[in-house]
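**Q** Mind having a look at this structure? Questions to follow.
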Amino acid sequence: MAEFEYKKRIADTILERKLKSSGAVLVTGPKWCGKTTTSEQQAQSINYVSDPMHLSRNQILAETNINALLEGAKPTLLDEWQVIPQLWDAVRFAVDHSKGVGQFIMTGSAVPPDDEQQQKIHHTGTGRITTMTMRPMSLWESGDSTGEVSLRALFGDPGKPIFGEPRLTLDDIAFLICRGGWPIATTLEREYALETAFAYYKAVTETDISRIDGIKRSATRTKRLMRSLARHQGTQATLTAIRADMAANDTDSLDIDTISSYIEALKKIFVIEDMEAWNPNLRSKAVIRTADTRYFVDSSIATTALGIGPADLVKDLNTMGLLFETMAVRDLRVYAEALDGDVFHYRDSNGLECDAVIHLRNGSYGLVEIKLGGSSLIDDGAATLNKFASTLDIDRMRAPSFKLILTAVGNLAYRRPDGIYVVPIGCLKD
């Protein structure tokens, strides 16, 4: 069996920093995104809680001597801790009484599965357990981006010239949208790399969505919901709109509560990661739309749900543009996490939108429009960014650190005469 070399992750640095400032770190995110492997790089001892060889033993110890599950050189990794929810309080207590940092790493691809299990957690862990989110790999982490343009540098030195030459063609981008950022897929030849996303989708629809809380959910209905969500990537589609989209192919009764239950289950296993609205100070009287924008955690989930591949995307650039946005948002989220930031969207009652606002903890922010590429779309994106920036009340808040058009393809990364950056995604890093 071939062994794969570990590819460094942006999360490595984040986890190291958090271990130096907190007693325990909870690493969350979708299955197969690399949480365990990344955590193993810094753990000194490991308890694979859900390992079938030891699960019965671990469950008995949870009831009789839970501290035995915490033993080992520190930091100790408790992988898939949520299988034994009592571990949360045990870790919190151990951290509280030792007064030390960097003692535990806890990983989980789901929240504790049901109300009965949730009731076994009695304390929040505030001040003892800090959280970080991992996602599938960005293009910089997978080696597909040159990394010639750094978001950190754009925040640190606004207005600086940039230069970059991406290696990616439109066909490459279409493949990467479908392959996704699953670590194992990034090590495989192209003819095999797409299989990871199909396997992930199959596991979610046939097993994981029901296993999360013990409620039996239809695989067929889950697939219809995920297909509908795939068609609504990057929109604020309501549950009513999703219901109408699904109802055409669902002969059973379908109510909003059922759809909501399915969506919440997908969020609990980190398949869905919707984007919150940004709420700036405005000069205009526009009403800010607060509905979340719908996204999967990885673009490959959407292409798999729709049953399409790279060739289909190249033939349908409208669909490719929507799903490129999902991939771009994934990368921006990974990069923003490294900068102590979050990614939001903006939309108001006047129809003005901004695809992504990267907002850092120190108050700095950058405005991003996401486009496939081409001079016409780039000009449209620039007009949107300038119009949006003009509505911000910079007497009451900072001016944006930068305005950026993130493209799928392009020969160069450069700064336009109006100060707006144009950066192909194949040049970007944190």
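**Q** Return a yes/no flag: does the stretch 28-44 have any residue that is of a type in the set (Val, Ile, Thr) and open to solvent by 60 Å² or more (accessible area, probe 1.4 Å). Can you show your working first?
**A** The initial filter retains those residues of the stretch 28-44 that are of a type in the set (Val, Ile, Thr), namely 28, 36-38.
Imposing the further condition that a residue be open to solvent by 60 Å² or more (accessible area, probe 1.4 Å) reduces the set to 37.
Yes, the conditions are met somewhere in the stretch 28-44.
**Q** Residue 342: surrounded by 15 or more Cβ atoms within 10 Å (Cβ to Cβ), touching a helix residue (DSSP H, G or I) at 6+ places or on another chain (Cβ under 7 Å) and not in a helix (DSSP H, G or I), yes or no? Steps first, please.
**A** Working: surrounded by 15 or more Cβ atoms within 10 Å (Cβ to Cβ): yes; touching a helix residue (DSSP H, G or I) at 6+ places or on another chain (Cβ under 7 Å): yes; not in a helix (DSSP H, G or I): yes.
Answer is yes for this residue.
**Q** From 225, 229, which residue is closer than 30 Å to residue 366 by Cα and in a helix (DSSP H, G or I)?
**A** Details: 225 fails: closer than 30 Å to residue 366 by Cα.
Among 225, 229, only 229 is closer than 30 Å to residue 366 by Cα and in a helix (DSSP H, G or I).
**Q** Condition check: β-branched (Val, Ile, Thr) and open to solvent by less than 20 Å² (accessible area, probe 1.4 Å). Does residue 83 satisfy that?
**A** Details: β-branched (Val, Ile, Thr): yes; open to solvent by less than 20 Å² (accessible area, probe 1.4 Å): no.
No, not satisfied.
**Q** Test residue 387 against the stated conditions and say whether it is within 19 Å of residue 234 (Cβ to Cβ) and among the basic types (Lys, Arg). First the steps, then the outcome.
**A** Values: within 19 Å of residue 234 (Cβ to Cβ): no; among the basic types (Lys, Arg): yes.
When the stated conditions are applied, residue 387 does not pass them.
**Q** So which of 313, 306, 317 is out of contact with any strand residue (DSSP E or B) (no Cβ under 7 Å at 6 or more places or on another chain), among the aliphatic types (A, V, I, L, M), under 19 Å from residue 231 (Cβ atoms) and open to solvent by 60 Å² or more (accessible area, probe 1.4 Å)? Write out each step before concluding.
**A** Values: 313 fails: open to solvent by 60 Å² or more (accessible area, probe 1.4 Å); 306 fails: open to solvent by 60 Å² or more (accessible area, probe 1.4 Å).
Of 313, 306, 317, the one residue that is out of contact with any strand residue (DSSP E or B) (no Cβ under 7 Å at 6 or more places or on another chain), among the aliphatic types (A, V, I, L, M), under 19 Å from residue 231 (Cβ atoms) and open to solvent by 60 Å² or more (accessible area, probe 1.4 Å) is 317.
**Q** Taking the residues in the stretch 143-183 that are within 30 Å of residue 77 (Cβ to Cβ) and touching a Pro at 6+ places or on another chain (Cβ under 8 Å) as candidates, determine which candidate is surrounded by the fewest Cβ atoms within 10 Å (Cβ to Cβ). If you could, list the steps in order and put the result at the bottom.
**A** Filtering the stretch 143-183 down to residues within 30 Å of residue 77 (Cβ to Cβ) leaves 143-145, 147, 151-152, 179-183.
Filter once more, so that each one left must be touching a Pro at 6+ places or on another chain (Cβ under 8 Å): 145, 180-183.
Working: 145: 23, 180: 30, 181: 28, 182: 24, 183: 20.
Among those residues, the one meeting the criterion is 183.
**Q** Kindly indicate the residue of the stretch 385-409 that is of a type in the set (S, T, N, Q) and open to solvent by less than 40 Å² (accessible area, probe 1.4 Å) and also nearest to residue 148 (Cα to Cα) among those meeting that condition.
**A** Applying the first criterion (of a type in the set (S, T, N, Q)) to the stretch 385-409 yields 386, 390-391, 401, 407.
Next cut, open to solvent by less than 40 Å² (accessible area, probe 1.4 Å) only: 391, 401, 407.
Details: 391: 31, 401: 19, 407: 15 Å.
Restricting to residues being of a type in the set (S, T, N, Q) and open to solvent by less than 40 Å² (accessible area, probe 1.4 Å), the top hit is 407.
**Q** Let me ask you something else. When the stretch 270-288 is examined, which residues are found to be more than 18 Å from residue 359 (Cα to Cα), surrounded by 14 or more Cβ atoms within 10 Å (Cβ to Cβ) and modelled with pLDDT under 95? Reasoning before the result, please.
**A** Going residue by residue through the stretch 270-288, those that are more than 18 Å from residue 359 (Cα to Cα) are 270-272, 283-287.
From what's left, surrounded by 14 or more Cβ atoms within 10 Å (Cβ to Cβ): 270-272, 286.
Correct list: 286 only.
The values are calculated or read from the model by the stated rules, or taken from the named source; none is laboratory data. Computed from a predicted model, the values in this text were never measured in an experiment. In this analysis, Cβ positions are derived from the backbone assuming ideal geometry, glycine residues included, and neighbour counts consider all displayed protein chains. Heads up: the accessible areas ignore ligands, DNA and RNA and are worked out on the full protein's heavy atoms, side chains in. Shrake-Rupley method; radii C 1.70, N 1.55, O 1.52, S 1.80 Å.
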